[in-house]
Amino acid sequence: MRVLFLGYRYGSRAAENVGSRSDFDVEFLKVKEPPENVILDEEYARTLLPPSYSGFDLVISYLQHPDLQLALAEVCDSPILYGITPDPAVREKIERSHDAVAFPETTMCSLLPDTGIPEVDRFAERFGRPKLEVSVSGGKIRTVRVVRGAPCGATWVAAERVEGMSVDEEAVNAFALAACHHCVAPRFGKFESKDVTAYLHGVALAEALGIELDVDLEGFELPI
């Protein structure tokens, strides 16, 4: 599957990680973005985007400017996954303009293969909400295999951090914090930021270890 990543400040790390950890044919294209408070003429916005998406099975957008987010949906024939979720009003326009678009619930590490769009779901089998297989011996974490991880690579970095640690909540917190530190998501708010990354990673390791966490996303604070 050929995957095109589009971004300016964000997206290059995800493209590199996805390319190195999958058999997808990945390309990253840097799109120059004006400040988000600058209103772009519709035709001008289109000139900032690639002239063609032919040959790409999936386009993943890390664009932040709302006019570019919308313009992409209007000119791209391939399925689109928005790594940075647009504002509700823009999202509504996007969904009216394109039949095959998907948005993660919060950050990209909340993505699950349940969108109904085959190309997005194939991507999300490997990249999205963390899913782990852990080998334990003598009360220690021996290996952590990432079945599905954050596109940016945070899950793999965090996995190396906890190998050799005891099976307890300290390891869960270490895993969550390591993922948070590597995450490139901004801190706009609890439910749209790298704090969500920490929570989702902590939950993933706890589930793999059989540790029950008495905390949900709305009530969590680090350490978990």
Seminar exercise, completed: Scanning the stretch 76-93 residue by residue, those surrounded by 16 or more Cβ atoms within 10 Å (Cβ to Cβ) and either small (Gly, Ala, Ser) or within 14 Å of residue 6 (Cβ to Cβ) (or both) turn out to be 76, 78, 79, 80, 81, 82, 83, 84, 86
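Are any of the residues in the stretch 194-203 outside the structural domain of residue 56 (by TED's automatic domain parsing), among the acidic types (Asp, Glu) and modelled with pLDDT under 95?
Applying the first criterion (outside the structural domain of residue 56 (by TED's automatic domain parsing)) to the stretch 194-203 yields 194-203.
So of that shortlist, the ones also among the acidic types (Asp, Glu) come out as 195.
Remaining after also requiring modelled with pLDDT under 95: 195.
Yes, some residue in the stretch 194-203 is outside the structural domain of residue 56 (by TED's automatic domain parsing), among the acidic types (Asp, Glu) and modelled with pLDDT under 95.
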Exercise. Among the residues of the stretch 70-85, is there at least one that is at pLDDT below 95, under 30 Å from residue 155 (Cα atoms) and not assigned by TED's automatic domain parsing to the domain that holds residue 153?
Worked result: yes
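Under the condition of being part of a helix (DSSP H, G or I) and β-branched (Val, Ile, Thr), which residue from the stretch 148-170 is nearest to the chain's Cα centre (by Cα)? Give the steps one after another, and end with the answer.
Taking the stretch 148-170 and keeping what is part of a helix (DSSP H, G or I), we get 154-162, 169-170.
Narrowing the set further to residues that are β-branched (Val, Ile, Thr) leaves 155, 157, 162.
Values: 155: 11, 157: 15, 162: 22 Å.
Among residues in the stretch 148-170 that are part of a helix (DSSP H, G or I) and β-branched (Val, Ile, Thr), the one nearest to the chain's Cα centre (by Cα) is 155.
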Problem set entry | residue 9 modelled with pLDDT under 95 and basic (Lys, Arg) | yes
Problem set entry | Answer from 101, 144 - the residue that is farther than 30 Å from residue 88 by Cβ and touching a helix residue (DSSP H, G or I) at 6+ places or on another chain (Cβ under 8 Å) | 144
Problem set entry | Checking residue 22 against (1) surrounded by fewer than 18 Cβ atoms within 10 Å (Cβ to Cβ); (2) more than 28 Å from residue 154 (Cβ to Cβ); (3) in contact with a helix residue (DSSP H, G or I) (Cβ under 6 Å, 6 or more places away or on another chain), the condition it does not meet | (2)
For this session: Exactly one condition in (1) closer than 24 Å to residue 33 by Cα; (2) of a type in the set (Lys, Arg); (3) assigned to a strand (DSSP E or B) is not met by residue 145; state its number.
Result: (1)
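Quick check, is residue 42 charged (D, E, K, R) and either at pLDDT 95 or above or under 15 Å from residue 151 (Cβ atoms) (or both)?
Considered against the rule, which asks whether it is charged (D, E, K, R) and either at pLDDT 95 or above or under 15 Å from residue 151 (Cβ atoms) (or both), residue 42 comes out as no.
The values are calculated or read from the model by the stated rules, or taken from the named source; none is laboratory data. Keep in mind that what you see is a predicted model, and the values were worked out from it rather than measured. Glycine gets a Cβ as well: all are built from the backbone with ideal geometry, and neighbour counts include every protein chain shown.
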